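Scroll down for the structure; my scribbles are underneath it.
The values are calculated or read from the model by the stated rules, or taken from the named source; none is laboratory data. This one's a predicted model, so the numbers in the text were calculated from it and none came from an experiment. Positions of Cβ are backbone-derived with ideal geometry, glycine not excepted, and every protein chain shown enters the neighbour counts.
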Amino acid sequence: MRSITIGAGLLAAWLASDAALAQTAEQLKNDHNTPGDVLTYGMGYSHQRFSPLTRINRDNVKRLVPAWAYSMADNNGQQSHALVMDGVMYITDHAKTVALDALTGKQIWKSVIEYPPETTRVVCCGIVNRGAALFEGKLFRTTLDAHVIALDIKTGKEIWRTKSADPKDGYSMTVAPLVANGVVIAGVAGAEYGHRGYLEGYDPQTGKVLWRTWTVPAPGEKGSETWPGDSWKTGGGSTWLTGSYDPELDLVYWGTGNPAPWNPLGRKGDNLYTNSILAIRPKTGEIVWYYQTTPGDPFDYDGVNELVQAELPINGQMRKVVMQAHRNGFFYVLDRTNGKLLAANKFVKVNWADSIDLETGRPVWSAETKSVFEKGPGHKVRIWPALVGGKNWAPMSYSPITRLAYVNSADFGWDYEALPLEEVAKLKPGVTPYFGVKREYVFDHPDGRGHLRAIDPLTGKSKWAIPFKSPNMAGTLVTAGGVVFTGRLTGEFMAVDAETGKILWEFNLGAGTVGQPVTLEHNGKQYVTITSGSSGPYVQRVGDPNLANVPPGGMVWTFKLFED
């Protein structure tokens with residue numbers, strides 16, 4: 001890595017101010033109560049992506065205008081979640097980290113990562129990075145070549161670097177780390193290249209690996225009986241989206257991804273702990289409880305989606321819950337103290353399972369899914385949702401005011417056919433994609449390929465749903481001002497009424513967006529930030545005609561009200 005420092009005047013002023021002070025565990029815990037800063041991924045440990053700010057609201061949001069824009073000088077996808085502390089904004093992409101003046105967009109420093117040319121060969125689904133973590137004067141991030149690094153937040157200089165895995169074995173890292181109870185936690189991507197997934201905890205001062213928790217157990221370990229033969233060695237179970245944390249329970253909730261290969265015929269069984277919600281102790285990595293959403297998953301229903309915490313009234317009493325809008329099309333609500341399933345309902349068209357049994361927690365497989373196993377290779381079946389999922393990676397938000405989750409859904413299916421096992425046997429870890437199936441998308445929704453939905457977590461039903469010709473792949477943000485912010489692949493950043501779904505405002509960012517909006521307040525003024533520049537499997541491989549004339553390009557945009 002080489003660090004380039006630009007903006008000496010800004011840097012000198014900042015170093016002389018309180019902004020150079022290190023943030024603490026208590027500040028991270030209270031992030032959701034400090035609207036002037038955004039210290040954690042998800043705008044608080046609960047990952048609600050809810051802001052109590054009301055300066056920008058449903059009545060005046062139409063007066064939003066750009067405050068500033070900053071070029072990331074990169075045509076790859078920009079999925080970074082901005083962090084802001086004491087007036088300084090931190091943004092990552094796969095190749096750099098930048099510190100910007102949050103009010104003007106002027107660069108304070110830039111730290112550049114240099115990769116070996118072969119690094120991107122095993123990056124399945126977009127050359128991206130989703131953000132960083134802050135703690136005690138350091139910024140922590142991951143790299144495509146599977147390293148975790150710590151930078152000095154004052155200068156961008158590298159403090160330590162720890163190699164987690166080798167890309168030649170199919171591993172990469174795009175995840176934003178999580179700091180919980182003084183431990184830096186990060187996960188890996190790479191199930192599409194036949195790896196064995198895990199989570200790791202690191203000492204924030206030295207980068208020493210404190211623990212590793214495998215998501216696919218080895219023979220003799222608990223859960224290993226769910227993997228036949230040697231299938232565990234390349235079993236998948238990636239951990240590429242950031243978990244949430246409950247400091248009171250001292251539990252981290254982290255989703256695990258699909259088993260590998262997608263073809264299930266050579267790994268018949270539940271395949272623990274893939275497609276699961278894990279509750280772990282951050283100090284040790286111990287799994288306290290787990291819940292598996294899609295046992296033996298044939299359809300790439302990657303279960304890493306964000307795990308949002310809330311308190312919901314259930315049967316007359318408030319329950320501490322964790323919620324997930326899953327790629328498999330079901331919206332799950334669990335008691336986060338013990339993992340008990342409280343609700344699981346379809347929020348998009350689903351035919352791979354008829355329902356989820358609330359007593360056992362297991363899906364009731366449909367005739368279509370049963371036929372995959374009964375009829376074997378060469379049997380084609382039409383399945384909803386497609387591998388992109390009922391919801392892809394882009395995080396939802398939740399408002400404790402409306403008690404609704406705001407979700408960008410994908411609404412299409414696919415024609416699925418498992419290949420013969422002799423073909424699957426030719427797959428090589430770290431070399432060939434671990435699919436083993438034929439696949440073709442099916443677009444049949446009369447309104448479009450996706451919706452922005454306001455979902456009741458306990459029923460899965462949408463209070464309202466806005467159709468779009470192309471699915472949105474950006475995150476959502478909801479505020480106490482009654483506004484939902486999100487972005488579109490066709491380039492529009494938009495604000496929607498949280499109660500009615502009426503589109504209140506749009507601004508063309510000049511490129512599609514797959515970013516994560518955040519908001520903050522400074523001197524009585526409210527700002528909203530989003531990155532533009534799209535990527536991902538849908539953009540790269542589907543050939544959506546609506547995106548044919550949408551250019552690439554990476555930018556950071558910040559907006560404020562016109563009169564401010």
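Observations on the structure shown:
- Sole residue being part of a loop (DSSP other than H, G, I, E, B) and within 22 Å of M72 (Cα to Cα), chosen from T174, T120: T174
- G182, sole failed condition from (1) buried (at least 19 other Cβ atoms within 10 Å of the Cβ); (2) farther than 20 Å from A95 by Cα; (3) not basic (K, R): (1)
- Each residue in region 150-167 was checked for being in a strand (DSSP E or B) and surrounded by fewer than 22 Cβ atoms within 10 Å (Cβ to Cβ), and 7 of them qualify.
- Residue within region 468-482 that is closer than 21 Å to R55 by Cβ and touching an Asp or Glu at 6+ places or on another chain (Cβ under 7 Å) present: yes
- Identity of the residue in region 324-341, in contact (Cβ under 8 Å) with a residue 40 or more places away in the chain and in a strand (DSSP E or B), that ends up farthest from S46 (Cα to Cα): F330
- Filtering region 265-323 to residues that are among the basic types (K, R) and either touching a helix residue (DSSP H, G or I) at 6+ places or on another chain (Cβ under 7 Å) or not in a strand (DSSP E or B) (or both) leaves R267, K268, R281, K283.
- If the condition is being touching a residue at least 60 places away in the same chain (Cβ under 8 Å), within 22 Å of G255 (Cβ to Cβ) and not in a strand (DSSP E or B), then region 194-225 contributes G194, H195, G197, T215.
- Within region 258-306, restricting attention to residues that are farther than 18 Å from I383 by Cα and hydroxyl-bearing (S, T, Y), the residue that is nearest to the chain's Cα centre (by Cα) is S276.
- Across region 521-543, the number of residues qualifying as surrounded by fewer than 19 Cβ atoms within 10 Å (Cβ to Cβ) and either of a type outside the set (K, R) or over 20 Å from N129 (Cα atoms) (or both) comes to 9.
- Residues of region 411-460 satisfying the condition of being aliphatic (A, V, I, L, M) and surrounded by fewer than 16 Cβ atoms within 10 Å (Cβ to Cβ): L421, A425, V431, V442
Rundown of residues vs (1) buried (at least 24 other Cβ atoms within 10 Å of the Cβ); (2) closer than 23 Å to A425 by Cα; (3) of a type in the set (F, W, Y), yes/no style:
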| residue | (1), (2), (3) |
| --- | --- |
| M173 | yes, no, no |
| A191 | yes, yes, no |
| G207 | no, no, no |
| W214 | no, no, yes |
| S224 | no, yes, no |
| P228 | no, yes, no |
| T242 | yes, no, no |
| G255 | yes, no, no |
| L272 | yes, yes, no |
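- Residues satisfying the stated conditions in region 352-388, i.e. more than 18 Å from Q292 (Cβ to Cβ), loosely packed, with under 13 Cβ neighbours inside 10 Å and acidic (D, E): E374
Results for (1) under 16 Å from W262 (Cβ atoms); (2) in contact with a Lys or Arg (Cβ under 6 Å, 6 or more places away or on another chain); (3) of a type in the set (G, A, S), shown as yes or no for each residue.
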site: I356; (1), (2), (3): no, no, no
site: P377; (1), (2), (3): yes, no, no
site: A386; (1), (2), (3): yes, no, yes
site: G430; (1), (2), (3): no, yes, yes
site: G450; (1), (2), (3): no, no, yes
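- Taken over region 484-519, the residue count meeting the criterion of being assigned to a strand (DSSP E or B) and in contact with a Pro (Cβ under 6 Å, 6 or more places away or on another chain) is 1.
- Of all residues making up region 419-431, the number that are under 22 Å from A386 (Cβ atoms) and among the β-branched types (V, I, T): 1
- Among the candidates T274, T234, T256, T239, the residue that is closer than 20 Å to T294 by Cβ, among the β-branched types (V, I, T) and touching an Asp or Glu at 6+ places or on another chain (Cβ under 8 Å) is uniquely T274.
- Residue in region 360-372 that is among the aromatic types (F, W, Y) and either in contact (Cβ under 8 Å) with a residue 24 or more places away in the chain or at positive phi (or both) present: no
- C125 fulfils the conditions (1) within 20 Å of the chain's Cα centre (by Cα); (2) modelled with pLDDT of 95 or more; (3) part of a loop (DSSP other than H, G, I, E, B) except for a single criterion, (2).
- Qualifying residues in region 496-520 (those that are within 21 Å of the chain's Cα centre (by Cα) and small (G, A, S)) - the one surrounded by the most Cβ atoms within 10 Å (Cβ to Cβ): G515
- Test result for E563, at pLDDT 95 or above and part of a loop (DSSP other than H, G, I, E, B): no
- Scoring S397 on the criteria (1) surrounded by fewer than 22 Cβ atoms within 10 Å (Cβ to Cβ); (2) within 24 Å of the chain's Cα centre (by Cα) leaves a single failure, condition (1).
- Within region 461-473, not a single residue is assigned to a loop (DSSP other than H, G, I, E, B), of a type outside the set (F, W, Y), farther than 30 Å from L342 by Cβ and out of contact with any Gly (no Cβ under 7 Å at 6 or more places or on another chain).
- Members of region 276-297 found to be crowded, with 24+ Cβ neighbours inside 10 Å and under 14 Å from W365 (Cβ atoms), listed by number: T293, T294, D297
- So P457, is it within 30 Å of F50 (Cα to Cα) and not in a strand (DSSP E or B): yes
- Selection within region 65-99 - small (G, A, S) and either in contact with a Cys (Cβ under 6 Å, 6 or more places away or on another chain) or surrounded by 22 or more Cβ atoms within 10 Å (Cβ to Cβ) (or both): G77, S80, A82, A99
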